[in-house]
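A short worksheet on the structure shown next.
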Amino acid sequence: RSKALSDEENAKLFGKCNNPHGHGHNYRAPFCFFLQIDPVSGMVLNLTDLKEYMQEAIMEPLDHKNLDKDVPYFAEVVSTTENVAVFIWENLKKLLPMGTLYKVKVYETDQNVVVYKGEETISE
């Protein structure tokens, strides 16, 4: 729902997802990296570190939240799946080694998927 649109415009644009009181999703968001395997550790990224990054970048700000009311980023940005992907990308990019994040996929449903690669968004 966009604050910039009338009730009628919101209904037309967002359809069943238009609800002035919000609605919920159980998003899934796998992501991909460009990394080299470290010859000493045999890993591309320490999984303990990755879990911490995911907790800080995704779970703490988004899990069990009303995006429009509880997440400051979405106070002025419409909480579409595309913008959720951008939010996750921006948060992960701050934490991961520079140049390693390749893409973020956000599944709103099994049929509605957004792939975000920095400035490039692709609906699948």
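When residues in the range 71-81 are screened for being open to solvent by 80 Å² or more (accessible area, probe 1.4 Å) and not in a helix (DSSP H, G or I), 1 of them pass. How many of the residues in the range 105-120 are hydroxyl-bearing (Ser, Thr, Tyr) and buried (at least 16 other Cβ atoms within 10 Å of the Cβ)? Of the residues in the range 105-120, 2 are hydroxyl-bearing (Ser, Thr, Tyr) and buried (at least 16 other Cβ atoms within 10 Å of the Cβ). Of the residues that make up the range 88-98, is at least one modelled with pLDDT under 90 and out of contact with any helix residue (DSSP H, G or I) (no Cβ under 9 Å at 6 or more places or on another chain)? Yes. In the range 83-104, how many residues are buried (at least 18 other Cβ atoms within 10 Å of the Cβ) and either under 27 Å from LEU13 (Cβ atoms) or touching a Pro at 6+ places or on another chain (Cβ under 7 Å) (or both)? Residues in the range 83-104 being buried (at least 18 other Cβ atoms within 10 Å of the Cβ) and either under 27 Å from LEU13 (Cβ atoms) or touching a Pro at 6+ places or on another chain (Cβ under 7 Å) (or both): 9 in total. Checking ASP68, ASP63 one by one, the residue that is charged (D, E, K, R), open to solvent by 60 Å² or more (accessible area, probe 1.4 Å), in contact (Cβ under 8 Å) with a residue 60 or more places away in the chain and closer than 23 Å to ARG1 by Cβ is ASP68 and no other.
Entry remark, the range 40-50: residues being out of contact with any Asp or Glu (no Cβ under 8 Å at 6 or more places or on another chain), modelled with pLDDT under 90 and in a loop (DSSP other than H, G, I, E, B) number 5 in total. Of all residues in the range 85-103, those that are touching a residue at least 40 places away in the same chain (Cβ under 8 Å) have Cβ atoms under 9 Å from Cβ atoms of residues that are open to solvent by 20 Å² or more (accessible area, probe 1.4 Å) and of a type in the set (Gly, Ala, Ser), 6 or more apart or on another chain, in ALA85/ALA29; ILE88/ALA29.
The values are calculated or read from the model by the stated rules, or taken from the named source; none is laboratory data. Model, not experiment: these values are computed from the prediction. Cβ: placed from backbone, ideal geometry, glycine included. Neighbour counts: every protein chain shown. For accessibility, only protein heavy atoms count, side chains too; no ligands or nucleic acids. Shrake-Rupley method; radii C 1.70, N 1.55, O 1.52, S 1.80 Å.
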